[in-house]
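The values are calculated or read from the model by the stated rules, or taken from the named source; none is laboratory data. Everything numeric here is computed off the predicted structure, so don't read it as measured data. Neighbour counts are summed over all protein chains in view; Cβ atoms, including those assigned to glycine, are modelled from backbone coordinates with ideal geometry. Just so you know, the surface numbers come from the protein's heavy atoms only, side chains and all, with ligands and any DNA or RNA stripped out. Shrake-Rupley method; radii C 1.70, N 1.55, O 1.52, S 1.80 Å.
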Amino acid sequence: MKRTEPFNQFYWGDIFSKIIFFICITAAVCIKQWFFALFMSSALLLSFLFSEMSTRRGLYQLNRSYKKTFSRINSSESMPGFPFPAVAVTMKGKITWYNQAMEQMLNGELLFQQNIKELIKNFSIDALTNVEGQNTFSTSIHNASYTVYVQRIHGNETVDDLFLLYFLDTTERDNLQNINTNEKFVFMSVSIDNYEEVMQGISDEIRSRICSCIDHIMSSTISEVGGVIHKTDRDRYVVSLSNASFHTIMAKKFQALDLVREINVGNILAPTLSIGVGIEGKSYVECADFSRAALDMALGRGGDQVVIKNQDTFQYFGGKTREVEKRTKVKARVVGYALRELILQCDNILITGHKNPDADCIGAAMGIVAIARSLGKKAFILQADYDDTASMIAKESAETLEYKNVYVKKSFINEHLRPNTLLFVLDTNSPKYMEHPELLKLNMQTALIDHHRKSADFIQNVVLGYHEPYASSTSEMITEMLPYISNRNPLLKIEAEALFAGIYLDTKSFTFKTGVRTLEAAAYLRRAGIDPIKVKQFFKNDLKSFTMRAELIQKAKLHFGHIAIARTNNDRTPSLIAQAADELLNIAGIDASFVIAVHGEDCIISGRSTGTINVQRVLEKLGGGGHFSVAGAQVHDGDPEEIEETLIQTLEDYLKEV
């Protein structure tokens, strides 16, 4: 940069004034005004002297200022020759200096006295004031990418602070990174998750047409982006493609899911796909492993969706339809036989469930106690903070001879832990929702039985895992296995009533998720001698609870025209919150309901849906889970008002997506 550039404006003004003086003197001479001409000549001479002195003084002060400022990091002589483009800006963002490398980078464009925002769009001047030491950020200038290093240079009483910005060209590196990212390998595992159910009761011709339609949709979707697809079984596909191709499919919101769901060639049920995607693996094998784990997660969440897995997390897309009941009991029979052998080999059994256990949780636990008793093993249920219904069931069962010392405190674990103690985790698949998550760290074999959709932090390393999101309840799953474990019905009447109460609760009086297998399980329990009227008594509320539930419902407000949200800052039990959410669905025009209330140190959210809105996906964003039409969440130390705002925003995002 030329030394005189900071004073260009001053020089042009000085030259202009000299021209005016020259014109005036010429005019005076022409009209023979010698005295006036002499006066003007003297004034012109003085102005020349003053201008030169001012210019030299300004250059001297600026040069001195540069020396004082830049001596902290470099010498003033070397800064103009600094190999990287660099600019100095004031606290207000005004450019006061830049070197030749910067001028060359901008093809000679002048920057002096311009604001840095004119060079770097969306640049925050306020962010500079917080810089101490060195900071970096990335930007793009004239279609080139740069990493900008910011160094704060402290001034003194006479010199303000400056910020020195170095520009490192990263265009080539970024382009190579983009190429590398786009060419990374992606593996997909695809399953027709209700193949057996779709193909039942239809002709061979229709079966062939359905398979042909699905094959065409999958092959065309993958071939359009240059991927490779291979059908490994009648209901399974594997796909390999590049990361760029996969993002093209993702940008279209995995339209293959919708296209397959819309197939109608005489079929009774609509087929659905589950897709597991493995990305960012260190090798092809790891990507394939990721895709299989993602597919298991998709099936565990009810199917009809895409799950993407990388090194650390899961991502979810789809899930627009409710789970379809699996009509075959093959899995229940296989798990029942395996469970029988596992119990016979153990020394004793510990049973735990989720926080604030409900009727389904206590019913399933009592079912395991009955199975263990029929096989000659001792089982213990760890005490917990039961809800009102579960508390009534536990209290009544504790009065029977068979349940003497069955309910134990946590201190029991250390006293009676055996080398082959078997731990049952019921009605939850996430450690954060367990009543006693620390049990997973002990040296015990673990069996997991649950019907909720899988969460990202699901319990791993189990010796037996029976996870069936298509089932109405864990109690139904336990009831289905009983005939395969014992030749005779091993249930006490109170145990059968507890299992029936669990099914009754989770099906909302046999209205939600009630399939043929649900009714068959209920019929099995009815033959065990239950009294449905007595079971219904477990769910009765007192007048105080009824009033509090009515107050909650009264606070409900309508959002998006068909979603009711009720909030209270008062402490309410989880069962009362869930009941209020259920009641709101009975109002005409309400497709989904959410109730928010405080319980102890937590904020509880209960969500319900008539089947048009996936409340599980909504509450999953708030750390919860559940089913398509029944879900919940707990936020520790959460503020109800803030949670309501977050819930409304989450619902808005969900409705835009679907």
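Per-structure values
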{"item": "Among 200-209, 425-434, 258-267, the order from most to least packed when residues are scored by Cβ within 10 Å on average", "result": "425-434, 258-267, 200-209"}
{"item": "Pairwise FRET efficiency - K331 versus D591, Cβ, R0 = 30 Å, nearest 0.05", "result": "0.40"}
{"item": "Diffusion constant of segment 283-406 at 20 °C, which comes from Stokes-Einstein with the Kirkwood Cα-pair radius and 1.002 mPa s, µm²/s", "result": "120"}
{"item": "Eligible lysines near K121 by straight Cα distance, threshold 24 Å, same-chain separation 8 or greater", "result": "K92, K94"}
{"item": "FRET E, pair A338, H599, Förster distance 45 Å, beta-carbon r, rounded to 0.05", "result": "0.75"}
{"item": "Length released on extending from K253 to F84, taking residue separation times 0.36 nm less the Cα-Cα span", "result": "56.5 nm"}
{"item": "Cα→Cβ-extended label distance, 7 Å offset, between E645 and R418, nm", "result": "5.5"}
{"item": "Order by protection proxy (mean Cβ within 10 Å, highest first), peptides 219-230, 293-304", "result": "293-304, 219-230"}
{"item": "Vicinal HN-Hα couplings computed from phi for segment 549-561 (Karplus, 6.51 cos²θ - 1.76 cosθ + 1.60; Hz; Gly/Pro x)", "result": "5, 5, 5, 4, 4, 5, 7, 5, 10, 8, 10, 6, x"}
{"item": "Of all accessible heavy-atom area on segment 221-338, the percent that carbon and sulfur account for (1.4 Å)", "result": "52"}
{"item": "Spacing of the two label points (7 Å from each Cα toward its C-beta) at A144 and D542, in nm", "result": "7.8"}
{"item": "V285 paired with K432, simple spin-label distance in nm, labels 7 Å along Cα-to-beta-carbon", "result": "3.3"}
{"item": "Placed amide H near I141: partners under 5 Å, 5+ positions off or other chain", "result": "Y146"}
{"item": "Estimated FRET transfer efficiency when R0 is 30 angstrom, pair D174-F112 (beta carbons, to 0.05)", "result": "0.50"}
{"item": "Subset of K355/K621; K404/K454; K253/K513; K454/K557; K454/K540 violating a 24 Å alpha-carbon distance limit", "result": "K404/K454; K253/K513; K454/K557; K454/K540"}
{"item": "Derived scalar couplings ³J(HN,Hα) [segment 452-463; Karplus, 6.51 cos²θ - 1.76 cosθ + 1.60; whole Hz; x for Gly, Pro]", "result": "7, 4, 4, 9, 5, 9, 4, 5, 10, 6, 9, 7"}
{"item": "C603 long-range amide H proximity, modeled H, under 5 Å", "result": "V635, H636, D637, G638"}
{"item": "Burial ranking of peptide ranges 539-549, 390-400 (average Cβ count within 10 Å, highest at the top)", "result": "390-400, 539-549"}
{"item": "Segment 88-101 - phi-based ³J(HN,Hα) in whole Hz, Karplus 6.51/-1.76/1.60, Gly and Pro as x", "result": "10, 10, 7, 4, 9, x, 7, 7, 10, 6, 8, 9, 5, 4"}
{"item": "Alpha-carbon centroids, segment 339-378 and segment 273-323: separation in whole Å", "result": "32"}
